[in-house]
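Nothing in this text is a laboratory measurement; each read-out follows from the coordinates by a stated rule. Because the structure is a prediction, the values reported are computed rather than measured. Positions of Cβ are generated from backbone atoms using ideal geometry, with glycine treated the same way; all protein chains shown enter the neighbour counts.
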Amino acid sequence: MIQATINHYHQYISGFIITGHADAGEYGQDIVCSAVSVLSIATVNGLQEVAGLDIEVDSHDDEGGYLSVSIPVITDSKKSIQADAILKTFQNGMADIASSYSQYINLTMTK
């Protein structure tokens with residue numbers, strides 16, 4: 001099962017951690033793992049390339065998979081708006097996946 005945690009600081013998303021595998025299908029055919037992977041990688045790329053943020057990313061494919069992303073405090077208002085849009089889109093996408101495939105993903109939101 002995928003364990004996903006989205007962390008918040010006040011009203012902003014401050015980072016997220018994703019561990020595990022969905023095991024919803026054979027390797028290479030698992031649509032839940034694929035959806036979560038694409039969404040999380042697109043989010044990291046958007047934060048780095050679109051918003052221009054220097055985020056902390058730690059990932060490991062071994063031991064069931066692991067991705068940790070930490071967002072720095074953003075003082076530039078344009079970057080803040082961009083990052084907020086990217087991260088809220090990520091959160092909405094993860095919530096949709098978790099709602100549709102609750103037997104394969106557990107999503108937690110911390111405040």
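Only helices enter the 222 nm calculation for the chain: every DSSP H run of n ≥ 4 contributes -39,500 (n - 2.57), and dividing by all residues gives -12000 deg cm²/dmol, rounded to 500.
Relative to the dominant Cα principal axis of the chain, helix 77-100 is inclined by about 20°. Rounded to 0.05, the FRET efficiency of the S80 and I31 pair, given R0 = 25 Å and the Cβ-Cβ distance, is 0.15. Over the range 2-110, the fraction of Cα-Cα pairs per 5 Å bin, rounded to whole percents and listed from the shortest bin up, is 2, 12, 25, 25, 18, 11, 5, 2, 0.
Helix 31-45 and the long axis of the chain differ in direction by around 20°, with both axes built from C-alpha atoms. In this label model, Y101 and T5 are separated by 2.2 nm, measuring between points 7 Å along each Cα→Cβ vector.
Each of S37, H60, I97 was placed along the dipole of the chain (beta-carbon charges, centred on the mean Cα), and the one lying farthest toward the positive end is I97. Evaluated with a Cβ-only charge set (Lys, Arg +1; Asp, Glu -1), the chain carries a dipole of roughly 580 debye about its Cα centre, given to the nearest 20.
Shown here for the range 77-107: trypsin sites (Lys or Arg not before Pro) in loop regions (DSSP other than H, G, I, E, B) with at most 14 other Cβ atoms within 10 Å, of which there are none. Among the GluC sites (Glu not before Pro) found in the range 1-95, those both in a DSSP coil and sparsely packed, with 15 or fewer other Cβ atoms within 10 Å of their Cβ, are E26, E63. For the range 1-87, chymotrypsin sites (Phe, Trp or Tyr not before Pro) meeting the loop criterion (DSSP other than H, G, I, E, B) and having at most 14 other Cβ atoms within 10 Å: Y27.
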